[in-house]
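Written out below as structure tokens is the structure these notes cover.
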Amino acid sequence: MLPILILFIPGMAWGFSDPGVMLPGGVIPSSATEVMFYTSLGIVFGATMCAVLLSFDGVSKDRASGVLEIKLSQPMPRSHQSIALVIGHWFAILIPIWILWSISFVIVNYRMGDWPSIVDALTSFISVALILLWYVLFSLIASSHAKEQGTSIAFGVGVWFLFTFLWALVTTMVAFASGVSIGEENDAKWISLEGTLDLFSPNGVFHHLLETRLNDVERGVSPILAWIVALVWSVLPWYWFNSRMKTIQP
């Protein structure tokens with residue numbers, strides 16, 4: 001997975017920080033914060049998939065081998081075991097991603113001579129950590145319900161595919177049903193609708209968090225609302241997984 005992550009994160013940072021780069025719509029990144037915002041596509045497409053592949057068998061593998069029965073019989077609350085599972089799988093993907101994200105900052109500075117502010121950098125690191133947590137939780141929830149590893153990975157990849165590729169179709173269908181012009185970047189109704197629907201997608205919330213540090217982006221979602229929704233996306237799946245671990249039968 002490491003070559004894929006290197007290609008998607010530092011590789012994108014190198015490309016987007018090129019002084020001559022021009023993005024669709026004639027957009028030219030003018031600051032390190034903007035470049036890292038576009039580099040976050042590597043997180044959405046690469047890092048989240050790696051998080052799913054890393055944690056899809058977090059419970060089902062132990063369940064199939066009989067190890068789960070031994071773990072659950074230990075004199076340790078199941079809630080503590082679920083926390084250990086989440087943090088263990090989360091940190092396994094988070095640490096290398098944070099290292100590559102830090103390298104991307106260095107690359108951008110080398111190419112542009114600019115550093116994001118401390119608040120911008122901190123926001124990006126927290127946002128990256130949160131989106132990885134969400135996908136790890138999705139995979140662990142699937143793994144705890146699935147009796148076979150194949151079912152678990154199918155569900156995890158399916159959720160990833162839905163939010164990464166198919167959510168644009170959902171947005172388009174809602175816009176069509178609402179009578180809103182589709183894809184009109186200058187239409188305030190389309191921008192507002194797209195921003196609102198993104199709150200129901202982990203990828204969309206991730207981008208909302210990063211957009212809180214961009215001055216020229218306004219999609220009708222306040223920074224406070226974006227962080228509140230991010231908290232909801234963190235608490236509800238964690239509560240679901242914790243509840244499942246309390247009732248699971250090996």
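Observations
- Test item: Cα-centred dipole of the chain, Lys/Arg +1 and Asp/Glu -1 on Cβ, debye: 1060 debye
- Residue order, fewest to most surrounding Cβ atoms within 10 angstrom, among ILE28, ILE141, ILE248: ILE28, ILE248, ILE141
- With a simple spin-label model that places each label point 7 Å from the Cα along the Cα-to-Cβ direction, the separation between LEU236 and PHE200 comes to 1.0 nm.
- 3J(HN,Hα) along segment 177-182: 5, 8, x, 9, 4, 8 Hz, from the Karplus curve 6.51 cos²θ - 1.76 cosθ + 1.60 with θ = phi - 60°, whole Hz, x for Gly and Pro.
- Once the Cα gyration tensor of segment 2-247 is diagonalised, semi-axes √(5λ) in Å: 34, 22, 16
- Over all other residues within a Cβ to Cβ distance under 12 Å of PRO29, the charged ones net out to -3, with Lys and Arg as +1 and Asp and Glu as -1.
- Taking the empirical scaling 2.2 N^0.38 Å for compact globular proteins as reference, segment 60-139 has a Cα radius of gyration ratio of 1.55.
- Near LYS246: Cβ cut-off under 14 Å, other residues only, Lys/Arg at +1 and Asp/Glu at -1. The net charge is +3.
- Farthest towards the positive end of the charge dipole of segment 144-250, among the residues PHE161, TYR239, ASN186, is the Cα of TYR239, using unit charges on the Cβ of Lys, Arg, Asp and Glu.
- Where labels lie 7 Å past Cα in the beta-carbon direction, separation of VAL21 and LEU166 in nm: 3.1 nm
- Normalised by 2.2 N^0.38 Å, with N the number of residues, the alpha-carbon radius of gyration of segment 1-88 equals 1.67.
- For the chain, averaging the sequence separation of C-alpha pairs within contact (under 8 Å, six or more residues apart) and dividing by the residue count gives a relative contact order of 26 percent.
- Percent of C-alpha pairs per 10 Å bin in segment 151-190, short distances first: 29, 36, 22, 12, 1.
- The calculated Kirkwood hydrodynamic radius for segment 169-214 is 11.0 Å, given to one decimal from all distinct C-alpha pairs.
- Between SER192 and TRP115, the contour length at 0.36 nm per residue exceeds the Cα-Cα span by 24.7 nm.
- Under Karplus coefficients 6.51, -1.76 and 1.60, residue-wise ³J(HN,Hα) of segment 85-98 in Hz, glycine/proline x: 5, 5, 5, x, 5, 5, 5, 4, 9, 5, 4, x, 5, 4
- Look at the Cα gyration tensor of segment 116-250: its axes a ≥ b ≥ c give a/c of at least 1.5 with a/b at or below b/c, and that counts as oblate.
- Cα pair distances in segment 200-242, grouped into 5 Å bins until the bin that holds the longest one, percent each: 5, 23, 30, 19, 12, 6, 3, 1
- Each of GLY88, LEU130, PRO10 was scored by the projection of its Cα onto the charge dipole of segment 2-247, and the greatest displacement toward the positive side belongs to GLY88; charges sit on the C-beta of Lys, Arg, Asp and Glu.
- Cβ-Cβ FRET estimate between TRP14 and GLU148, R0 fixed at 30 Å, reported to 0.05: 0.15
Since every read-out is calculated from the coordinates, none of them should be taken as a lab result. Every value quoted in this text rests on a predicted model; they were computed, and no experiment measured them. Cβ: placed from backbone, ideal geometry, glycine included. Neighbour counts: every protein chain shown.
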